[in-house]
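The structure appears right after this line, and notes come after that.
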Amino acid sequence: MKRLGILLLTALIGIGLAQEDTLRVLLSSELTTLDPQITTDTDSAAVRYQIYNGLLKMTESGEAVPDLAESWEISEDGTQYTFQLRPGVTFHDGAPLNAQAVKASFERLLAEDRDTSASAYFKPIVESVEVVDDLTVRFTLNEPFAPFLNTLAHPAGHIVSPLAIEQYGEELGMHPVGTGPYQFSEWVRGERLVLERFDDYFEGPAPMAAIEYRIIPEAATRVALLETDEADIILRVTPDEAKRLAQNPEIKLETTPTARAMFMAINMTREPFDDKRVRQAINHAVNVREIITALFGEEVPQLDSPLAPGVFGYNPTRTYEFDPERARELLAEAGYEAGDISIDLWSPSGRYVQDATVAQAVAQQLEAFGFDVNLRLFGDFSEYIEVAFVEDRGDMMLLGWSPSTLEAEGGLYQILHGDHANKFANNSGFDNPEFNRLIEEARSMTSEEDRLAAYAQAQEIVMEEAPWLFLYPQPVITAMRANVHDVVILPSEHLVLREAWKE
């Protein structure tokens, strides 16, 4: 441990940053990219929050408020949004933030050859983006889309420099250029990423000279580095670690209810998991309540919807209670016994709180029930994304999904609509026509009551069809040194350090 601390200090000195002027943040896994138009994973987006701005931004209460846009008007038919931009804003490379820059950023995001989880937020709904005048830009939608302002506040809507687009193309992820309070300085994959203060930030210079993110996969090491003042902030502290850290007066803890639903996607494209009775049997064969209580405490609820409480449109439906006898009945109705079924169960290790432990507990319970389970853990989350989202999808995969728009649209369409079956995060291959219809209709409804009713029906369908092993909404505990202030943790789990400082 002492040697690791010396290495960290040496690294800080090596890049010329004084400890008191640098906010030191420890992450559990490597980032995927700093290009906001490729992926929407939370850790990468949390870093990008300091580099980029969007037209709007999300508050801690889930409200979309002005960021680069000062104001906006919505046409009576709900298909045109006209934004007035802040004057005098520049990108880190000196390019001016104007309507043409916003148009260029979204044209790249909406390009026909761009088919990413980030572009999926906008491509189905945005018909065009046009320049009205230098500081006025207009979005025309294919049809009314009620969650559009919240969607614009999603990190996928961050505006990238037009000069950087031209210069770096698809290498933008290693050369990010935005308008945010911090600009990119250095990224040594697997080790550290450094951002430096952008002195011309439109809201004034940020309090800290730099932010340094380090990748420390081992949870115990992250805690030790915080305790020895070799780090300022660590994320996703376990409840056991939190109990110990709470005894240290130099450490403070923040517990944030999040919008992240934790689940195991069941691959419905393979036999026998294409039979919903098998999927329901898996849900009844695992004592989820017991796992939650052992790892997180009784106050954390069992997931009773594909959405976590706090997301607009969340509607509690039902939970699958531990019932081995009912599980055997369902398997028998489907023509199986547990011993007939082999399950390749995959999980990241270190990406989510207690993820590997949860996966191991689920695997043990499924084996105890009689299934043949092959558990595979991935220590590198970017490898997990590549293998599990692109090359293969296993039979069951541990995932967590947090709709950064804090809307049911973001929590249902992106991950369960048939348009995304077997791509992006719809790893179940779920494609239910009635569910698809409800989600498509809800997005264009102008009545909030009608939208909520449609979302409620959609959630009932998901719980009945059981494309997942439903687990729990994930609470997040963040630990930081007591002299660190103004750290913002959004319900979407994004760590916002734009105004953070330390004494």
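The values are calculated or read from the model by the stated rules, or taken from the named source; none is laboratory data. Note that this is a predicted model, so its numbers are computed, not measured. All Cβ positions, even for glycine, are placed from backbone atoms using ideal geometry, and neighbour counts span all protein chains on display. For the accessible areas, the whole protein counts, side chains as well, though only heavy atoms, and no ligand, DNA or RNA atoms are used. Shrake-Rupley method; radii C 1.70, N 1.55, O 1.52, S 1.80 Å.
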Residues (farther than 19 Å from THR255 by Cα, in a helix (DSSP H, G or I) and β-branched (Val, Ile, Thr)) located in the stretch 216-235: THR221
Lone unmet requirement of (1) touching a residue at least 24 places away in the same chain (Cβ under 8 Å); (2) assigned to a helix (DSSP H, G or I); (3) within 15 Å of LEU471 (Cα to Cα); (4) open to solvent by 70 Å² or more (accessible area, probe 1.4 Å) for THR357: (4)
Residues of the stretch 296-328 classified as open to solvent by 50 Å² or more (accessible area, probe 1.4 Å), touching a His at 6+ places or on another chain (Cβ under 8 Å) and part of a loop (DSSP other than H, G, I, E, B), total: 3
Residue pairs meeting the criteria (Cβ under 6 Å; at least 6 apart or on separate chains; first open to solvent by 30 Å² or more (accessible area, probe 1.4 Å), in the stretch 82-104; second modelled with pLDDT of 95 or more and among the polar types (S, T, N, Q)): GLN84/SER71; GLN84/THR136; HIS92/GLN183; ASP93/SER161; PRO96/THR90
Residue count, the stretch 442-467 (criterion: assigned to a helix (DSSP H, G or I), β-branched (Val, Ile, Thr) and over 13 Å from GLY411 (Cβ atoms)): 1
Every residue from the stretch 362-381 that is out of contact with any strand residue (DSSP E or B) (no Cβ under 7 Å at 6 or more places or on another chain) and either part of a loop (DSSP other than H, G, I, E, B) or not aromatic (Phe, Trp, Tyr) (or both): GLN364, GLN365, ALA368, GLY370, GLY379, ASP380
Subset tally (residues that are polar (S, T, N, Q) and touching a Lys or Arg at 6+ places or on another chain (Cβ under 8 Å)) for the stretch 371-411: 1
Of all residues making up the stretch 374-399, the number that are closer than 17 Å to PHE263 by Cβ, at pLDDT 90 or above and out of contact with any helix residue (DSSP H, G or I) (no Cβ under 6 Å at 6 or more places or on another chain): 3
Condition broken by MET480, with the remaining ones in (1) farther than 25 Å from VAL387 by Cβ; (2) part of a helix (DSSP H, G or I); (3) among the aliphatic types (A, V, I, L, M) satisfied: (2)
Long-range neighbours under 7 Å by Cβ, at least six apart or interchain, first residue in a helix (DSSP H, G or I) within the stretch 401-420, second at pLDDT below 85 and of a type in the set (Gly, Ala, Ser): GLY410/SER404; GLN414/ALA120; GLN414/ALA425; ILE415/ALA425; HIS420/ALA120
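Please verify whether ARG114 is closer than 14 Å to ILE165 by Cβ and surrounded by fewer than 20 Cβ atoms within 10 Å (Cβ to Cβ), treating the condition exactly as stated.
Answer is yes for this residue.
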Yes/no for GLU218 being open to solvent by 30 Å² or more (accessible area, probe 1.4 Å), at pLDDT 90 or above and at negative phi: no
Search result, residues across the stretch 227-240 that are in contact (Cβ under 8 Å) with a residue 40 or more places away in the chain, surrounded by fewer than 20 Cβ atoms within 10 Å (Cβ to Cβ) and either closer than 14 Å to SER28 by Cα or among the acidic types (Asp, Glu) (or both): ASP229, THR238
Qualifying positions in the stretch 422-475 - of a type in the set (D, E, K, R) and buried (at least 20 other Cβ atoms within 10 Å of the Cβ): ARG443, ARG451
Subset of the stretch 193-215 (residues that are in a strand (DSSP E or B) and open to solvent by 20 Å² or more (accessible area, probe 1.4 Å)): GLU196, ARG197, ARG214, ILE215
Residue in the stretch 126-136 that is part of a loop (DSSP other than H, G, I, E, B) and modelled with pLDDT of 95 or more present: yes
Residues within the stretch 41-74 that are acidic (Asp, Glu), over 18 Å from PHE106 (Cα atoms) and in a loop (DSSP other than H, G, I, E, B), tallied: 3
Selection count, the stretch 483-503, where residues are open to solvent by less than 40 Å² (accessible area, probe 1.4 Å) and either farther than 17 Å from ALA64 by Cβ or outside any strand (DSSP E or B) (or both): 13
Boolean, ASP77 is acidic (Asp, Glu), within 21 Å of THR140 (Cβ to Cβ), touching a residue at least 24 places away in the same chain (Cβ under 8 Å) and open to solvent by 30 Å² or more (accessible area, probe 1.4 Å): yes
